[in-house]
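The values are calculated or read from the model by the stated rules, or taken from the named source; none is laboratory data. Keep in mind it's a predicted model, so treat the numbers as computed, not measured. Quick reminder, even Gly has a Cβ in these numbers, built from the backbone with ideal geometry, and neighbours come from all protein chains shown. Surface accessibility is based on the protein's heavy atoms, side chains included, excluding ligands, DNA and RNA. Shrake-Rupley method; radii C 1.70, N 1.55, O 1.52, S 1.80 Å.
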Amino acid sequence: MKPDAALLSRFAALEIRVRGRVQGVGFRPTVWRIARDLGLQGDVLNDAEGVLIHVGGEEPSIAAFLDRLEREPPPLARIDHIVTRPFGGDLHGDFRIVESIAGAAHTQVTPDAAICAACTEEVGSPFERRFRYPFTNCTHCGPRLTIVQGIPYDRAQTTMAAFPMCAACAAQYGDPADRRFHAEAIACHACGPKATLIRLDGRATSFDQHSMLDDVDAIRSLIQKGEIVAIKGLGGYQLACDATNTAVVERLRALKRRDAKPFALMARDLDVIRDYCRVDAKEESVLTGSAAPIVLLAATGRERLPEAVAPGLSTLGFMLPTTPLHLLIMSRLNRPVVMTSGNLSDEPQVIDDAAARERLAGIAAYALVHDRQIANRVDDSVVRVMDGRARVMRRARGFAPAPIALPPGFETAPELLSMGGELKATFCLVKDGEAILSQHQGDLEDAATFDDYRKNLALYETLFDHAPVALVADKHPEYLSSKLARQWAETRALPLIEVQHHHAHVASCLAENGRPLDMPPVLGIALDGLGWGEDGTIWGGEFLLADYRRYQRLGAFKPVAMPGGAQAVREPWRNLYAHLVAEMGWPAFAMNYADLDVHADLVRRPRETLDAMIRAGVNAPKASSCGRLFDAVAAALDVCRHRQAYEGQAAARLEAMVDRATLASDSEESAYPMSIPNLRGTGMPYVEPLAMWQAILGDLIVNTPAPVMAARFHKGLAKAIVAMTKKLAGREEGDASRFDTVALSGGCFQNRVLFEEVTRRLAAESFTVFTHADVPANDGGLALGQAAVGAAHLIDAQSRTLKGTTPCAWESPAAS
């Protein structure tokens with residue numbers, strides 16, 4: 001990033017191009033301040049490529065300027081590239097900030113940022129003119145993606161354009177020495193958005209004016225009195241209530257139709273959170289960072305919240321106030337508040353005021369609204385610290401749409417669009433050697449979510465001036481994202497690259513970890529619920545020798561039928577029955593385990609129908625799925641046996657009940673055994689759980705505590721995964737290792753117990769282990785992997801065309 005030394009010796013004036021996250025973060029005022037300090041001439045402006053600087057002066061001063069530019073960026077900035085060249089044009093006598101220039105976008109849109117310390121102090125001080133102003137912000141914090149409508153990021157391109165600045169705000173906005181210089185969302189009581197308490201049924205509100213400071217404080221009072229209230233937040237409406245009040249939490253569950261999925265929580269400060277959870281140093285730094293996500297914490301504090309907050313789980317998802325509005329609501333509350341998305345279960349979060357009146361009136365009587373439009377729906381992000389590192393589980397507010405630099409070798413990748421998956425959907429744009437991963441979209445099975453997904457595709461195309469030369473999609477024939485990609489490929493005459501689901505998972509992990517394009521393949525271990533396999537079956541427990549271009553399936557979990565298809569995902573007992581029949585057959589199970597409760601339960605089920613499905617192969621696809629194995633084991637322990645209220649519930653509750661002493665034990669009996677034979681016909685190794693099932697049923701006979709059994713399962717599964725890895729590497733025979741690097745991906749690796757057991761054991765075997773942190777391991781990261789595979793494919797096609805060896809081909813990457 002440093003300019004050539006000879007260049008500085010020949011020229012006293014430079015043009016400096018800065019790319020990265022440099023708009024809407026106070027970068028120009030920082031440039032202005034440094035240039036003024038050093039007595040330099042010139043100007044700085046925003047354009048569609050980032051920030052452009054013209055600077056002139058003495059050579060040592062210019063060198064110092066470039067050095068300080070890298071060392072002293074504003075808090076929210078991220079410099080990716082600095083490019084310098086001689087400048088022969090006219091320079092202003094004093095250094096100035098000049099008007100922005102429009103054009104083709106090559107810059108970044110900044111994620112929304114939580115309220116900074118300076119604004120927090122200002123909102124709380126009666127001596128400041130923004131005392132208790134709910135929309136206080138500066139260049140170091142506040143809304144970005146949620147209000148932006150175009151590039152460059154100037155006020156006219158945001159939903160703040162509807163609020164002309166008062167004289168005082170205009171003065172700050174125009175003062176380069178002020179931290180609100182060109183803070184596009186700048187506002188105050190006099191000129192900015194207003195928060196108002198309303199009743200969603202249309203009736204007039206009334207409260208004791210003498211005991212309330214304002215409408216925001218009135219919402220706080222309503223929460224304390226046991227009301228469910230709606231709050232128009234940063235990226236959508238939220239529903240809030242007193243988290244310590246069992247009756248009101250249960251009422252919110254019933255009205256929101258959210259049976260068991262855990263609620264997010266907000267607390268005034270870390271002290272309140274520590275009453276309920278253990279918070280280590282890393283977790284504290286994530287909670288208090290500019291992204292301010294929901295952080296999953298161990299619920300081991302001295303106080304307990306009602307079971308209805310997070311049924312059956314050992315963690316609570318806490319966040320701190322993210323905006324001045326939330327800060328003011330929470331400031332006089334010494335208890336946690338449920339702060340969940342404003343919607344009915346599985347629907348997208350409400351962002352429109354009219355929709356809030358229509359869809360939330362049956363849940364909340366009161367709403368705190370405001371008159372600033374939410375341009376773009378953005379959910380709260382979710383983070384969990386595992387193995388000492390913060391790992392994003394859901395990437396949205398605070399993180400998206402910050403781009404991810406693609407690894408070396410991808411510099412010439414053309415623009416492309418990858419469409420992601422079906423659940424936890426995201427999409428990804430490739431441009432200028434970067435991957436721009438969208439915020440979490442949700443599950444596309446919901447019609448309103450799919451509509452929002454398509455709206456956001458159009459938005460990103462506009463924001464980033466993106467014109468893809470190809471589309472990339474999952475190979476699944478029924479994914480809505482893939483169907484849309486096929487439709488667009490036809491109507492837009494674009495090539496379509498289809499990528500196998502688990503190859504995309506592995507490629508996502510490689511891309512996040514910066515694995516160069518031309519490096520040797522790694523062993524990718526992709527463990528999740530379901531993904532369309534190359535052979536037309538369902539995959540979900542895969543060991544792939546893979547790079548970006550291709551993969552080879554070296555091993556898998558044992559394929560077992562899913563009687564009822566999608567119904568088996570919702571009803572774990574179906575997976576339990578299929579596993580028992582596949583492992584030992586019903587007659588042997590009934591003969592040896594007839595006294596068990598699980599036998600009595602399965603006897604009452606429609607076994608004949610399931611048997612017919614499995615025999616005929618009708619609506620009972622075989623699946624090598626780790627997720628379905630979790631479901632089956634959970635059902636055996638009578639955890640969510642009949643039904644799962646949300647995807648992954650059985651596995652999450654199984655993890656929550658793990659006995660830590662058993663997990664830490666060195667005893668061989670502390671892990672359920674699994675073997676690794678070869679499949680008949682193909683010779684491919686697979687994880688065989690027969691011995692595990694025999695041990696589980698034996699433990700049930702002797703009434704072994706369920707937490708001990710859960711620990712034995714997790715530990716045994718981790719040992720089997722590592723044993724398979726060693727076998728595939730060739731280390732069992734003492735030969736040279738076939739690979740030395742392992743990439744872990746898929747939703748099952750968001751299970752902290754499994755993740756930490758596997759990574760620890762692989763490291764002990766001297767494998768280099770790549771894992772996810774900035775991108776979700778689940779399907780929320782799928783689009784990044786699709787983009788990397790698609791980009792590698794297009795780069796190779798370009799290379800072949802340039803060499804003249806073959807015409808440019810757009811064939812789909814396939815298994816080798």
Boolean, Arg553 is under 22 Å from Ala652 (Cα atoms) and buried (at least 20 other Cβ atoms within 10 Å of the Cβ)
no
State which residue is most open to solvent (accessible area, probe 1.4 Å) when the search covers only region 669-694 and only residues that are assigned to a helix (DSSP H, G or I) and closer than 10 Å to Arg712 by Cα.
Glu669
For region 765-781, how many residues meet the condition of being within 15 Å of the chain's Cα centre (by Cα), of a type in the set (D, E, K, R) and either farther than 14 Å from Asn513 by Cβ or open to solvent by less than 10 Å² (accessible area, probe 1.4 Å) (or both)?
1
Just one listed residue, out of Leu754, Leu784, Leu762, Leu794, is part of a helix (DSSP H, G or I), touching a Pro at 6+ places or on another chain (Cβ under 7 Å) and either at pLDDT 95 or above or surrounded by fewer than 22 Cβ atoms within 10 Å (Cβ to Cβ) (or both), and it is Leu794
Members of region 707-721 that are over 28 Å from the mean Cα position of the chain (by Cα) and open to solvent by less than 30 Å² (accessible area, probe 1.4 Å)
Val708, Met709, Gly716, Ala720
For residues in region 147-175 being within 20 Å of Pro74 (Cβ to Cβ) and hydroxyl-bearing (Ser, Thr, Tyr), which is most open to solvent (accessible area, probe 1.4 Å)?
Tyr173
Being modelled with pLDDT of 95 or more, of a type in the set (D, E, K, R) and either in contact with a Phe, Trp or Tyr (Cβ under 6 Å, 6 or more places away or on another chain) or in a helix (DSSP H, G or I) (or both) narrows Asp595, Asp601 down to just Asp601
Could you tell me whether any residue of region 738-761 is free of Cβ contacts under 8 Å to residues at least 40 places away in the same chain and more than 26 Å from Gly514 (Cβ to Cβ)?
no
Name every residue in region 404-426 that is at positive phi and either more than 16 Å from the chain's Cα centre (by Cα) or not in a loop (DSSP other than H, G, I, E, B) (or both), in order of residue number.
Gly409
Would you please list the contacts, defined by Cβ atoms under 7 Å and residues six or more apart or on different chains, that run from a residue in region 409-423 that is more than 22 Å from Lys483 (Cβ to Cβ) to a residue that is charged (D, E, K, R) and part of a loop (DSSP other than H, G, I, E, B)?
Gly409/Asp518
Restricting attention to region 115-125, does a residue exist that is open to solvent by less than 10 Å² (accessible area, probe 1.4 Å) and either under 26 Å from the mean Cα position of the chain (by Cα) or at pLDDT below 95 (or both)?
no
Can you tell me which residue among Thr300, Thr288 is open to solvent by 20 Å² or more (accessible area, probe 1.4 Å), touching a Cys at 6+ places or on another chain (Cβ under 8 Å) and not hydrophobic (A, V, I, L, M, F, W, C)?
Thr300
Can you work out which of the residues in region 178-197 that are among the charged types (D, E, K, R) and open to solvent by 70 Å² or more (accessible area, probe 1.4 Å) is modelled with the lowest pLDDT?
Arg179
Exactly one of these conditions fails for Thr146: (1) outside any loop (DSSP other than H, G, I, E, B); (2) touching an Asp or Glu at 6+ places or on another chain (Cβ under 9 Å); (3) not acidic (Asp, Glu). Give me its number.
(1)
Pairs, first at positive phi in region 429-446, second crowded, with 24+ Cβ neighbours inside 10 Å and in a strand (DSSP E or B), C-beta under 9 Å, six or more apart:
Gly442/Ala425
Residue that is within 14 Å of Leu333 (Cβ to Cβ), surrounded by 14 or more Cβ atoms within 10 Å (Cβ to Cβ) and at pLDDT below 95, where the choices are Leu213, Leu200:
Leu213
Quick one: which strands (runs of 3 or more DSSP E) sit completely within region 184-288 and have at least 1 residues that are under 23 Å from Ala114 (Cα atoms) and under 27 Å from the mean Cα position of the chain (by Cα)?
229-232, 237-242, 264-266
Can you spot a residue in region 304-320 that is crowded, with 20+ Cβ neighbours inside 10 Å, hydroxyl-bearing (Ser, Thr, Tyr) and either in a helix (DSSP H, G or I) or at pLDDT 95 or above (or both)?
no
Select from region 48-93 the residues that are more than 19 Å from Ala13 (Cα to Cα), in contact with a helix residue (DSSP H, G or I) (Cβ under 8 Å, 6 or more places away or on another chain) and not acidic (Asp, Glu) and write down the one among them that is surrounded by the most Cβ atoms within 10 Å (Cβ to Cβ).
Ala77
From the list Leu700, Leu654, Leu663, exactly one residue is crowded, with 23+ Cβ neighbours inside 10 Å and under 30 Å from Thr300 (Cβ atoms). Which is it?
Leu654
Taking the condition of being crowded, with 18+ Cβ neighbours inside 10 Å and in a strand (DSSP E or B), how many residues in region 357-403 meet it?
15
Scan region 580-587 and give yes if some residue there is in contact with a strand residue (DSSP E or B) (Cβ under 7 Å, 6 or more places away or on another chain), open to solvent by 30 Å² or more (accessible area, probe 1.4 Å) and closer than 24 Å to Leu700 by Cα, otherwise no.
yes
If we take region 427-545, then strands (runs of 3 or more DSSP E) inside it with 2 or more residues that are open to solvent by 10 Å² or more (accessible area, probe 1.4 Å) and modelled with pLDDT under 95 are 522-532
